[in-house]
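These notes are about the structure you will find just below.
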Amino acid sequence: MNDETKKSDLPIDVPVDLSVNIAGLEMKNPVMVASGTFGYGSEYAEQMDIDRLGAIVVKGICMDAWDGNKPSRMVEVPGGLVNAIGLQGPGVAGFDEKYMPFLRQHDVPVIVNIWGRSLEEYGEVAAAFEDVEGVSGLELNISCPNVKEGGIAFGTNPTMTADVVAHVRKNTTLPLIVKLSPNVPNIAEFAKIAEAEGSDALSLINTLPAMVIDVETRKPVLSNVIGGLSGSAIHPVAVKLVWEAAKAVKIPVIGMGGIMRAEDAIEFMIAGAAAVAVGTANFIDPVASLNVIDGIAAYMKRHGMSSVSELTGSLEL
């Protein structure tokens, strides 16, 4: 049924309810900004009203300051972006000192993406944020390699996924959102593991492994050789994985991957996502996330929906 054949039952001036509760976090709307694409919030504040966002997910943070990879670290490709930033960040203390004073001034939940090189470091980082005022929740990046286990990514091994989620859960009382890797044969299995070990919500997907070669020099464009592909090119993959994960668990799912316009976000929600995160689009248009919020509200009015929760899982088969 298209927009022409189904008219809204709501008066045009009646506001729709966009509010959602994700992992205990009360959000004005279901639109977040994805980690690594919005800095620490202050970088975008002059371009937009960040208080309109559902939540800000800040750039990934480990225990101590980390320089990330050497340049070149990012390259644009058809339909997206390949990056190998290497999780550059200020560390817990640096983040609290430099960025949290600004974020505390704003009426928007702050979710911190955390990572570590070992099980112990993950737990240490999670525990450290218990004492950082203004942090609303943690997003657990499990796409990082476990150095002690030979570099296997935590999020691609069921046992390691269970261990890291359980360990972090023991070290924090904050709402915990596990960010799943798409590089697994069965996303539902990993979604269930994260839920069983104490995750309050899931976010997916992280970037897809990619490589770009300069054909003139016959050398990799990125210093790290391999990076992560994001943007509209991965959107259909992400929708499929969000659909599979949402069917497998009872906790909320946050969909991300190639949201460039409101329709992309709505597609995730119809597939089962309770919220979404805008990523690469932020680099193209600083107010992309606000346009998505407005577009969702407009869609709801056209389809006679009073609450955004009516969208979640509304796929008709």
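A short reminder: the numbers here are calculations on the coordinates, not readings from a lab. What you see is a predicted model; the values in this text were computed from it and never measured. Please note: Cβ atoms are built from the backbone with ideal geometry, for glycine as well, and neighbour counts cover all protein chains shown.
Numbers at a glance
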read-out	value
Cross-chain or 6+ apart pairs with Cβ under 6 Å, the stretch 159-182 first and in contact (Cβ under 8 Å) with a residue 60 or more places away in the chain, then surrounded by fewer than 19 Cβ atoms within 10 Å (Cβ to Cβ) and in a loop (DSSP other than H, G, I, E, B)	Pro175/Gly24
Among residues of the stretch 192-215, those that are closer than 18 Å to Gly228 by Cβ and either of a type in the set (Phe, Trp, Tyr) or in contact with a helix residue (DSSP H, G or I) (Cβ under 7 Å, 6 or more places away or on another chain) (or both), counted	3
Selection from the stretch 152-210 of residues that are over 24 Å from Pro109 (Cβ atoms) and in contact with an Asp or Glu (Cβ under 6 Å, 6 or more places away or on another chain)	Ala162, Ala166, Ile187, Ala188
Residues located in the stretch 278-309, provided they are of a type outside the set (Val, Ile, Thr), within 22 Å of the chain's Cα centre (by Cα) and outside any loop (DSSP other than H, G, I, E, B)	Ala281, Asn282, Phe283, Ala288, Ser289, Leu290, Asn291, Asp294, Gly295, Ala297, Ser309
Enumeration of residues in the stretch 244-262 that are free of Cβ contacts under 8 Å to residues at least 40 places away in the same chain and either surrounded by 24 or more Cβ atoms within 10 Å (Cβ to Cβ) or closer than 16 Å to Leu311 by Cβ (or both)	Ile259, Arg261, Ala262
Any pair with Cβ under 7 angstrom, 6 or more apart, that starts in the stretch 265-276 at a residue that is at positive phi and ends at one that is among the β-branched types (Val, Ile, Thr)	Gly272/Val242; Gly272/Val253; Gly272/Thr312
Filtered residues of the stretch 263-277 (kept if closer than 16 Å to Ser307 by Cα, touching a Ser or Thr at 6+ places or on another chain (Cβ under 8 Å) and not in a loop (DSSP other than H, G, I, E, B))	Met269, Ile270
Residue list for the stretch 251-262, restricted to those being assigned to a loop (DSSP other than H, G, I, E, B) and out of contact with any helix residue (DSSP H, G or I) (no Cβ under 7 Å at 6 or more places or on another chain)	Pro252
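Matching residues to (1) under 17 Å from the mean Cα position of the chain (by Cα); (2) closer than 26 Å to Glu130 by Cβ; (3) not acidic (Asp, Glu):
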position	(1), (2), (3)
Thr161	no, yes, yes
Ala166	no, yes, yes
Leu176	yes, yes, yes
Ala194	yes, yes, yes
His235	yes, no, yes
